[in-house]
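Student: So that we are looking at the same thing, I have put the structure below in structure tokens.
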Amino acid sequence: MMKDLSHQTRPVNLILLGPPGAGKGTQAKILQDRFGLVQLSTGDMLRGAVAAGTAAGKAAKDVMDSGGLVSDDIVLAILRDRMAEPDCAAGVIFDGFPRTIAQAEALDALLADTDAQLDAVIELEVDDSALVQRILNRAEQARAAGQPVRADDNAETLGQRLAAYHAQTAPLIDYYAARGTLTKIPGMGDMDEIADALATIVKPLTTA
Ligand code: ADP
């Protein structure tokens, strides 16, 4: 993928919204490579905290393994620390955050504190029926590559993750739609097509 930094004049902050398995992580990495934005995955940060055995990781582990949402306090503390690092000034892609209205409100405050703005919220629309297979494929690919399989990437836990998404995270769609920051794109197609659709939205923002 070609980098496209030639005309970048301002940092862009984006949220990728969508259910587990929608492809947020995959697309965030592509956007990171193309536009020099920093992927901020709260799921990755939490898995890092679990692996490192920090207090936050210990408190988060069982909730994550059962497919529920980690408390806003823990997630916000981890995110705040990460956003204070200098690389985030280049612009960030929030992947898996915010997941509750309270997190969205905290993000508004955090961005206001640093005089930063939220440029776009992009929802990847995927049918629930496709998600189970995607998650099971991800687990299978990790296994085949000799990589660790996520403890929550199984059919049982996925039901809980989808339920948490619909109950706690989907209300963010209306929250951002009401502010005019929401764009929806189909998340069902080919990975490269989705990446191009995202780039079409993001590129004008980086040069605005
Ligand atoms: P996915 O989107 O595929 O479910 P993530 O890596 O984003 O995967 O999240 C994995 C788990 O980490 C979630 O099921 C949840 O327990 C926890 N988690 C990640 N981000 C958040 C968040 N912003 N708020 C609460 N819990 C979170």
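Student: Mind checking which residues of segment 183-208 are assigned to a strand (DSSP E or B) and open to solvent by 40 Å² or more (accessible area, probe 1.4 Å)?
Tutor: THR183, LYS184, PRO186
Student: Just one of LEU107, LEU124, LEU136 is within 13 Å of the ligand (Cβ to nearest atom) and more than 18 Å from the chain's Cα centre (by Cα); which is it?
Tutor: Selected residue: LEU136, the only one of LEU107, LEU124, LEU136 that is within 13 Å of the ligand (Cβ to nearest atom) and more than 18 Å from the chain's Cα centre (by Cα).
Student: Give the residues of segment 161-182 that are closer than 22 Å to ILE135 by Cα and exposed (fewer than 14 other Cβ atoms within 10 Å of the Cβ), sorted by residue number.
Tutor: ALA163, HIS166, ALA167
Student: Follow-up question, since we're still on this one. If I go through segment 90-104 residue by residue, how many of them are more than 8 Å from the ligand (Cβ to nearest atom) and aromatic (Phe, Trp, Tyr)?
Tutor: Adding up the residues that qualify gives 1.
Student: Can you work out which of the residues in segment 33-48 that are open to solvent by 10 Å² or more (accessible area, probe 1.4 Å) and more than 10 Å from the ligand (Cβ to nearest atom) is farthest from ILE78 (Cα to Cα)?
Tutor: Result: ARG34.
Student: When you scan segment 49-83, how many residues do you find that are free of Cβ contacts under 8 Å to residues at least 24 places away in the same chain, more than 11 Å from the ligand (Cβ to nearest atom) and under 18 Å from the mean Cα position of the chain (by Cα)?
Tutor: Looking only at that region, the number is 2.
Student: Another question about this same structure. From the list LEU131, LEU118, LEU124, LEU136, which residue is surrounded by 13 or more Cβ atoms within 10 Å (Cβ to Cβ), assigned to a helix (DSSP H, G or I) and touching a residue at least 24 places away in the same chain (Cβ under 8 Å)?
Tutor: The conditions single out LEU131.
Student: Look at ASP87 and say whether it is near the ligand (Cβ under 10 Å from one of its atoms), closer than 20 Å to PRO11 by Cβ and either in contact with a strand residue (DSSP E or B) (Cβ under 8 Å, 6 or more places away or on another chain) or open to solvent by less than 30 Å² (accessible area, probe 1.4 Å) (or both).
Tutor: For ASP87, the condition - near the ligand (Cβ under 10 Å from one of its atoms), closer than 20 Å to PRO11 by Cβ and either in contact with a strand residue (DSSP E or B) (Cβ under 8 Å, 6 or more places away or on another chain) or open to solvent by less than 30 Å² (accessible area, probe 1.4 Å) (or both) - is not met.
Student: Another question about this same structure. Does ALA106 fit the bill of being at pLDDT below 95 and of a type in the set (A, V, I, L, M)?
Tutor: Judged against the criteria, ALA106 is not a match.
The values are calculated or read from the model by the stated rules, or taken from the named source; none is laboratory data. As the structure is a prediction and not an experimental result, all values here were calculated from the model. Cβ sites come from the backbone with ideal geometry, for glycine too, and all protein chains shown count toward neighbours. Heads up: the accessible areas ignore ligands, DNA and RNA and are worked out on the full protein's heavy atoms, side chains in. Shrake-Rupley method; radii C 1.70, N 1.55, O 1.52, S 1.80 Å.
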